[in-house]
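K.L.:
The structure follows.
The values are calculated or read from the model by the stated rules, or taken from the named source; none is laboratory data. It should be emphasised that the depicted structure is a prediction, and the values quoted were computed from it without experimental measurement. FYI the Cβ positions are ideal-geometry reconstructions off the backbone, even for glycines, and counts take in every protein chain you see.
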Amino acid sequence: MLRDTAVVARHTVVLLARDPGTLVAYAVMSAVLMVVVHPIYERLAVPGTSGVLNAAGGTAVMFTLLALDVAGEQLLAERDWHTWARLRACAAGPAAILAGKALPLLALFVVFQGLLFAEAAWWFGLDLAAGGWRLPVLWLAWSSCVTAVGLALGAWLRSRGRLGAVADIGAMIMMGLSGALVPLDGLPGWVADLAPATPGYWAVRGFQSAVSVSASGAYAHAVAVLTAVAVVAGTAAVVRVLLPGRSRA
Amino acid sequence: MLEATGLRKRFGAVTALDGFDLAVTAGEICGLIGHNGAGKTTFARIASGLDRPDAGRVLIGGADARTARGRVGWAPQETALYPTATVRENMRLFGGLAGLRRRRLRAEIDELADALGLREVLDRPAGRLSGGQQRRAQTATALLNRPPVLLLDEPTVGADPDTRLDLLAVVRARAAEGAAVCYTTHYLPELVELDATLAVAAAGRVIARGSRAALLAGLPGRAVLRFDGPPPAALTPAPGEHSDGEHSDGEHSDGEHSVVVTAERPAEAAARVLAGLGPDAARLRGVDIAEPTLDDLYRHLATREARSAA
C-alpha cells in the first residue's frame, strides 16, 4: 500500500504543479491580507491574547478553508478526465489512492501556514519559539482536517459546480463563526455560542493556546477535535469511494 | 485465462447483462462485437474488477476479477488520461500502480513508445495530443506491465491508418506472448487483421461465439453481375439459390445495370445465372464476387436476434 500511495502522491504533486494558480493566489492574498488586518487584530485583542497570533492564525484558517475546493477538486477532476475508473481498476486500494491524494495537499497546507506564521514573526515579532512543537502539530492537525473534509466533499459531490458552492459557502460560514475573519469578542454572542460547532474555531483556539504553557489542556482539546474531524471526514471519503457506482459518472 | 459465467447486471430498470458468458484462452484474441448497449462496456468494467455483477462471476486465471485487478490491462472506450500530465507521467502512474519499478518501468515505457509511435510526444501533455495519439497513449498505459488479460475497448477509434496498424501489431504481439485479449470494436475488418475469434453480443449476452470461419459458414455472399444496358429478360434465379438467395438490380449513370445475386455460394450461383442467359451473356461487363463478411454476419445475427425477441 505504501508504494501505491507514493506513486499516487508523486502524480498528485505533478498535477498540482501544473496548475498552481489557485494556490499561489491564496498564498499571496493571505500574506497581503495579514499585513492589512494586523492592526485591527491588535486593537481587538483581549488582554492575555496576542493580536499578531490572532492575525496569523485567523488568516491561516481563512485561506486554508478557501482551499477546501482545491482538495475536493483532486477527486472531481478525475471524474471529468475519466481517470477515476482507471485508478480504481488498478491493484491499489481506495485508501492508498486517497492517501496518495491527501499527502501532497497536507504538506502544502502545512507549508502554507508555516510561511504565514514566519511572515508574522518576521514583520510583527510573533514569538514562534513560544509555541515550540505545538504550532507545527496544530498546523498538521488543521491541514489534515481541511484535506479530509475537502476530499470527502470531492468524493460525495457530483460536480465541480456543487463543490464550488458547498466549499465556498461552507468556508465563508466557518470563517465567520470560527473567529478567523473577526475575533469572536467583536461578534454577537450567538456567534460565540455556535462557534464550537465549526472546526475553524478549534484551529483558532488551538493557535492561541499553543503559545501559552498554561493552556495545554485547551491546546490538546483543539488538536483532538481537529483530528477527530479529519478521521470522520477521511472515513466518509473512503466509504464513498468503496460504494458501488461512485465511478459511474 | 478470462472466464465470465452467467453475468447479470441491472442499472435501475435497464438490464445491461443478462446471462453473459465468455471465455478467452491465453494467446487468443477475441473480438467482442455488438450494438451500442449490447453489454460490452459493462462486461469490461466487471472483468476489470470495477463493478460487481448482480449474478455470475468473472475469473481471471482462476481468481475472482475483483482480487485480480493487477492482472488485467484495461483501456476503456473514452479517453482516460490526465491532460495536464505528460504521456510519460501518465505511463509512470499506471505502470507504477501496476507494480513496475524504476528500470523496468523505464524500459517498458521506452518499448511501448517505440512500438506505438509515441516517442516524440512522450514529454508532451496528454491533453495537447491529437485524438489518435491519445488513443495510443491510453492503450500503452494498459499494456505496461504485460498483464495476462487485456480488455481493449475500441482502441482504434479516431486513429489514422498508421496508428491503427501500430496498435494492431502490438495487440498481436501481446497475444503471441500469451495474453488473453478481449478486443471490442465496430471496425470489423480489424478483427480479420488480428485473426481474432468472435463473440457477438446482443441484449446483454453473447449470442454467437467461435472462429470466423465457423460463424461465417452458411451465410449468404453476393455476386454482382454488371451488364451493358438493361438487365437480361432471361435472367432468372437458378435452381438452388431461391431457398436462401435473392436478386436485385439497379441502374448506373453510364447505362450499366447490375444484378446482385445473393446466395450461400455466390460464385456458383453467378455461374448458374450466366449459363442461363444465352445471347444476353455478351452484354456482361463483369462479375464481382463478395464472400460473406463480418458485417454480414453481424447484421444476420442482429436480425435473427430481433426476430426471436419479437
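K.L.:
Those residues that are over 24 Å from the mean Cα position of the chain (by Cα) and either surrounded by 22 or more Cβ atoms within 10 Å (Cβ to Cβ) or among the hydrophobic types (A, V, I, L, M, F, W, C) (or both), I need them from region A:55-82; list them, please.
P.N.:
If the condition is that a residue be over 24 Å from the mean Cα position of the chain (by Cα) and either surrounded by 22 or more Cβ atoms within 10 Å (Cβ to Cβ) or among the hydrophobic types (A, V, I, L, M, F, W, C) (or both), then A:TRP81 is the only one that fits.
K.L.:
Being surrounded by 15 or more Cβ atoms within 10 Å (Cβ to Cβ) and at pLDDT below 90 narrows it down to one of A:VAL239, A:VAL166, so name that one. Break it down stepwise before answering.
P.N.:
Working: A:VAL239 fails: surrounded by 15 or more Cβ atoms within 10 Å (Cβ to Cβ).
Exactly one of A:VAL239, A:VAL166 is surrounded by 15 or more Cβ atoms within 10 Å (Cβ to Cβ) and at pLDDT below 90, namely A:VAL166.
K.L.:
Which residues, taken from region B:65-93, are in a helix (DSSP H, G or I), facing another protein chain (nearest Cβ under 7 Å) and at pLDDT 90 or above? Give the derivation first.
P.N.:
Step one: of region B:65-93, the residues in a helix (DSSP H, G or I) are B:65-67, B:69-71, B:87-93.
Now restrict to residues that are facing another protein chain (nearest Cβ under 7 Å): B:69-70, B:89, B:93.
Once the filter is applied, which keeps residues that are in a helix (DSSP H, G or I), facing another protein chain (nearest Cβ under 7 Å) and at pLDDT 90 or above, region B:65-93 yields B:GLU89, B:LEU93.
K.L.:
Within region A:96-129, track down each residue that is more than 20 Å from the chain's Cα centre (by Cα) and closer than 21 Å to A:THR12 by Cα.
P.N.:
Of everything in region A:96-129, just one residue is more than 20 Å from the chain's Cα centre (by Cα) and closer than 21 Å to A:THR12 by Cα, namely A:ALA96.
K.L.:
Something else now. Considering only region B:33-54, I want to know if a residue exists there that is at pLDDT 90 or above, touching a Gly at 6+ places or on another chain (Cβ under 9 Å), within 17 Å of B:ALA199 (Cβ to Cβ) and part of a strand (DSSP E or B).
P.N.:
For region B:33-54, residues at pLDDT 90 or above, touching a Gly at 6+ places or on another chain (Cβ under 9 Å), within 17 Å of B:ALA199 (Cβ to Cβ) and part of a strand (DSSP E or B): absent.
K.L.:
From the list A:VAL13, A:VAL7, A:VAL46, which one is over 21 Å from the mean Cα position of the chain (by Cα) and modelled with pLDDT of 90 or more? Give the steps one after another, and end with the answer.
P.N.:
On the way: A:VAL13 fails: over 21 Å from the mean Cα position of the chain (by Cα); A:VAL46 fails: modelled with pLDDT of 90 or more.
Exactly one residue qualifies, and that residue is A:VAL7.
K.L.:
Hey, any hits in region B:131-149 for a residue that's within 9 Å of chain A (Cβ to nearest Cβ), within 24 Å of B:LYS40 (Cβ to Cβ) and among the hydroxyl-bearing types (Ser, Thr, Tyr)?
P.N.:
yes
K.L.:
A further question follows. How do the pairs read when you match residues in region B:150-170 that are touching a residue at least 60 places away in the same chain (Cβ under 8 Å) with residues anywhere that are part of a loop (DSSP other than H, G, I, E, B), using Cβ under 7 Å and keeping only pairs 6 or more apart or on different chains?
P.N.:
Within 7 Å, the pairs are B:LEU150/B:ALA179; B:LEU151/B:SER48; B:ASP153/B:PRO76; B:ASP153/B:GLN77; B:GLU154/B:GLN77; B:GLU154/B:THR185; B:GLU154/B:HIS186.
K.L.:
Taking B:ALA159, is it in a helix (DSSP H, G or I) and in contact with a Gly (Cβ under 9 Å, 6 or more places away or on another chain)? Reasoning before the result, please.
P.N.:
Numbers: in a helix (DSSP H, G or I): no; in contact with a Gly (Cβ under 9 Å, 6 or more places away or on another chain): yes.
No: the conditions fail for B:ALA159.
K.L.:
Right, next: If you take the residues in region B:94-105 that are part of a helix (DSSP H, G or I) and surrounded by fewer than 23 Cβ atoms within 10 Å (Cβ to Cβ), which one is farthest from the other protein chains (Cβ to nearest Cβ)? Steps first, answer last, please.
P.N.:
So the first thing to find is which residues in region B:94-105 are part of a helix (DSSP H, G or I), and the list is B:94-97, B:102-105.
With the extra rule that they be surrounded by fewer than 23 Cβ atoms within 10 Å (Cβ to Cβ), the set shrinks to B:102-105.
On the way: B:ARG102: 12, B:ARG103: 15, B:ARG104: 14, B:LEU105: 10 Å.
Taking the candidates together, the pick is B:ARG103.
K.L.:
Scan region A:11-58 residue by residue and report those that are within 14 Å of another protein chain (Cβ to nearest Cβ), touching a Gly at 6+ places or on another chain (Cβ under 8 Å) and either of a type outside the set (S, T, N, Q) or part of a loop (DSSP other than H, G, I, E, B) (or both).
P.N.:
Step one: filter region A:11-58 for residues within 14 Å of another protein chain (Cβ to nearest Cβ), giving A:11-22.
Within this subset, residues satisfying the condition of being touching a Gly at 6+ places or on another chain (Cβ under 8 Å) are A:11-12.
Across region A:11-58, the qualifying residue is only A:HIS11.
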